[in-house]
Amino acid sequence: MSVNEKRTDGRFQMDRRVVVPKLVGNPKDFLIVSGLAGAVYDMSSLTDQGDYFYGLGGAMGGACMIGLGLALARPDKNVLVVTGDGELLMSLGSLCSIGVINPPNLTIVCVDNGHYGETGFQKSHTNRGVDLELFAKGAGISQTCTVSSEDQIEAGSKMLRRVGGANGTAFVLMTVAPTEAPKVPLNLDGADCRRIFLKAQRRAA
């Protein structure tokens, strides 16, 4: 059975290739950090690897904390972290630090497909009942939501952009089917990606 033929429960139905772009909207509204695996492909495809995007090729568990540092260093910019359930499960403590510091310009999107896509699509803990939105709430992140159907995307997108004047860090859990992310060429040279990203920040400062 191919990965695109896999079936899972009712929470994991949406096509990430369709709904992630709808949720994020114009990616140039943010400085973006993505985790590895599906998330880096999602955002590489959406941003065309623009210089406002920094994708992690192998630093599993690091996306949220890199995003936190970036949000604190650039309070004039909206910072978006896009990660997956596997990576976030590896670094749940990062949500605690983020909840305590609560930077108002940081948003985390977890694209949860209920599987470990990097290691063979084994079922992850979220496919066995773990709710990462509840973890975010418990860590002190007050603005949270789950998007598990297309009619919830608009509310999630508004949360990304603080429509309504909400303050503090936001967390959006988007549940999707365990299908492949869009495959695009990736620049996996971390030093080169860092140079490009920092050059863009200096130019924007």
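Just so it is clear, none of the values below were taken in a lab; they were calculated from the coordinates. Computed from a prediction, not measured in an experiment: that's the story for all the values here.
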**Fill in**
Applying the gyration tensor rule to the Cα atoms of the range 71-111 (axes a ≥ b ≥ c; rounded if a/c under 1.5, else prolate if a/b exceeds b/c, else oblate), the class is oblate
**Request:** Calculate how many DSSP beta bridges within the range 3-204 are antiparallel, expressed in % of all such bridges and rounded to the nearest 5.
**Result:** 5
**Asked** What length, rounded to one decimal in nm, is gained on full extension from residue 157 through to residue 199, with 0.36 nm per residue of separation minus their alpha-carbon distance?
**Response** 12.3 nm
**Quotient of C-alpha Rg and 2.2 N^0.38 Å, computed over the range 1-114** = 1.06
**Item:** Phi to ³J(HN,Hα) by Karplus 6.51 cos²θ - 1.76 cosθ + 1.60 over the range 141-151, Hz, x for Gly, Pro
**Value:** 7, 7, 9, 9, 7, 10, 10, 10, 8, 5, 6
**Request:** For the chain, return all DSSP H helices satisfying: extent of Cα atoms along own axis at least 18 Å; mean Kyte-Doolittle hydropathy at least -1.0.
**Result:** 190-204
**Asked** Taking amide H positions as placed 1.01 Å from N in the peptide plane, with prolines and chain starts having none, which residues 5 or more places from residue 54, or on another chain, fall under 5 Å of its amide H?
**Response** 32, 33, 34
**Request:** Taking each pair of different alpha-carbon atoms in the chain once, compute 1/r for the pair, average those values, and report the inverse of that mean as the Kirkwood hydrodynamic radius in Å to one decimal.
**Result:** 16.7
**Message:** Quick check on the chain: helices-only [θ] at 222 nm, where DSSP H runs of length 4 and up contribute -39,500 (n - 2.57) each and the sum goes over total residues. Nearest 500, please.
**Reply:** -10500 deg cm²/dmol
**Item:** GNM flexibility winner over the chain from 171, 30, 53 (Cα, springs under 10 Å)
**Value:** 30
